[in-house]
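A short write-up of the structure that comes next.
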Amino acid sequence: VTINAMAPAVIQTPMVDALPQAQVDYMTDKIPMKRTGTLQEVADMAAFVLSPMCSFTTGFTFDLTGGRAVY
């Protein structure tokens, strides 16, 4: 049994598309990559986390923040 998590920041979705551009700019200005994540990037990470390639990883949170989560 593996227990992992994914922690996304701002991902380009219809909800984000509906926000005023000033709000999106405010959020992405805090992301070192200066952009939102894509649904494809989230899907790719989920595919990896669920694959046999990740079978020895447990108790880990995969960061999908473009560098926003600075610890």
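All of the numbers you see were taken from the coordinates with simple rules; none came from a lab. These numbers were taken from a predicted model, which means no experiment stands behind them. A quick note on method: Cβ atoms are made from the backbone with ideal geometry, for glycine too, and the neighbour counts reach across all protein chains shown.
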Here is a check on your reading of the model: is Ile11 aliphatic (A, V, I, L, M), in contact with a helix residue (DSSP H, G or I) (Cβ under 7 Å, 6 or more places away or on another chain) and touching a residue at least 24 places away in the same chain (Cβ under 8 Å)?
yes
What is the residue count in the range 1-45 for residues that are small (Gly, Ala, Ser) and over 10 Å from the mean Cα position of the chain (by Cα)?
3
